[in-house]
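The values are calculated or read from the model by the stated rules, or taken from the named source; none is laboratory data. Keep in mind the model is a prediction, meaning the values are calculated, not measured. All Cβ positions, even for glycine, are placed from backbone atoms using ideal geometry, and neighbour counts span all protein chains on display. Note: areas computed on protein heavy atoms with side chains; ligands, DNA, RNA excluded. Shrake-Rupley method; radii C 1.70, N 1.55, O 1.52, S 1.80 Å.
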Amino acid sequence: MSAAAARPLPGPELAYAPDARRGTAAMALFIANEAMLFVMLFFAYFYLGYGSPEWRDAPPKLTLALLMLVVLVASSFILAWGERRLRRGERRAARIATTVTVLCGLAFLGLQALEYHERLQVIRPSSNAYGSTFYALTGIHGLHVTLGVLMLVYVLLLPEPGEGVKPPHRPLHNAALYWHFVDVVWVLIVALLYVVPHFTS
């Protein structure tokens, strides 16, 4: 028997691996692209908004922002737990964790709507550069949360949320990468847009 004949035929796991790497690499590139967007928005916020009267005299309230922070950070831990369960073959637990994460995302958006209702009484996007950059940063982040929720809903609709031989490959893992990125951005937003002005006012 020749060496070529003795060599095993590619199995499902061999067919799966290259596409899995490409899918995760594509998500990493997408996240890097979105990270650059937020870097530019943070730069604009500090360049245009720092030193304005609203920065000193009317910093945003912390209560709802911190509550939203707790919701998002908790959702990241829940989703990471779901990923670990999925790696152990516990698909039902992974789906429950994903569902709870979706509910946390919706709760975040509801809290952001309440925070906007309160904040708009003080300053509007059209008020000045500070207002426009504040709402641009927080609003675009809200759109990213919405996209993350849609990604997770899509994962829930799939028959297989984990590894498989057919695309999409590793959907829960890739959606979770994006969700964790969105959470990290909110941590920075709370620190720089909400907390820092209270110490510099």
Residues His198, His173: which one is over 18 Å from the mean Cα position of the chain (by Cα), at pLDDT below 95 and open to solvent by 10 Å² or more (accessible area, probe 1.4 Å)? His198
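Please determine whether any residue of segment 88-102 is under 16 Å from the mean Cα position of the chain (by Cα), exposed (fewer than 15 other Cβ atoms within 10 Å of the Cβ) and under 30 Å from Leu192 (Cα atoms). Before the answer, list the steps.
Initial filter on segment 88-102 (under 16 Å from the mean Cα position of the chain (by Cα)): 97-102.
Next cut, exposed (fewer than 15 other Cβ atoms within 10 Å of the Cβ) only: none.
Looking through segment 88-102, none of the residues is under 16 Å from the mean Cα position of the chain (by Cα), exposed (fewer than 15 other Cβ atoms within 10 Å of the Cβ) and under 30 Å from Leu192 (Cα atoms).
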Which numbered condition Val70 misses (of (1) in contact (Cβ under 8 Å) with a residue 12 or more places away in the chain; (2) assigned to a helix (DSSP H, G or I)): (1)
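Sort out which residues of segment 172-188 are of a type in the set (Val, Ile, Thr) and touching a Gly at 6+ places or on another chain (Cβ under 6 Å), and write them in order of number. Spell out how you get there, then give the answer.
Restricting attention to segment 172-188, the residues satisfying the condition of being of a type in the set (Val, Ile, Thr) are 182, 184-185, 187.
Scanning segment 172-188 gives a single hit, Val182.
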Given the criterion farther than 18 Å from Arg170 by Cβ, in contact (Cβ under 8 Å) with a residue 40 or more places away in the chain and either over 19 Å from the mean Cα position of the chain (by Cα) or open to solvent by less than 40 Å² (accessible area, probe 1.4 Å) (or both), identify the matching residue among Glu83, Glu115. Glu115
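Yes/no per residue for (1) without any contact (Cβ under 8 Å) to a residue 40 or more places away in the chain; (2) among the hydrophobic types (A, V, I, L, M, F, W, C); (3) within 15 Å of Thr24 (Cα to Cα); (4) in contact with a Pro (Cβ under 8 Å, 6 or more places away or on another chain):
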| residue | (1), (2), (3), (4) |
| --- | --- |
| Ser126 | yes, no, no, no |
| Tyr135 | yes, no, no, yes |
| Pro171 | yes, no, yes, yes |
| Phe199 | yes, yes, no, no |
Among all residue pairs at least 6 apart or on different chains, which show Cβ distances below 7 Å where the first residue, located in segment 23-35, is of a type outside the set (Ser, Thr, Tyr) and the second is modelled with pLDDT under 95 and not in a helix (DSSP H, G or I)? Gly23/Pro168; Gly23/His169; Gly23/Arg170
Could you list all residues from segment 46-72 that are β-branched (Val, Ile, Thr) and surrounded by fewer than 15 Cβ atoms within 10 Å (Cβ to Cβ)? Thr63, Val70
Suppose the filter is surrounded by 14 or more Cβ atoms within 10 Å (Cβ to Cβ), out of contact with any strand residue (DSSP E or B) (no Cβ under 6 Å at 6 or more places or on another chain) and modelled with pLDDT of 85 or more; does Gly131 pass it? yes
Give Ala5, Ala32 a once-over and let me know the one that is part of a helix (DSSP H, G or I), modelled with pLDDT under 95 and surrounded by fewer than 12 Cβ atoms within 10 Å (Cβ to Cβ). Ala5
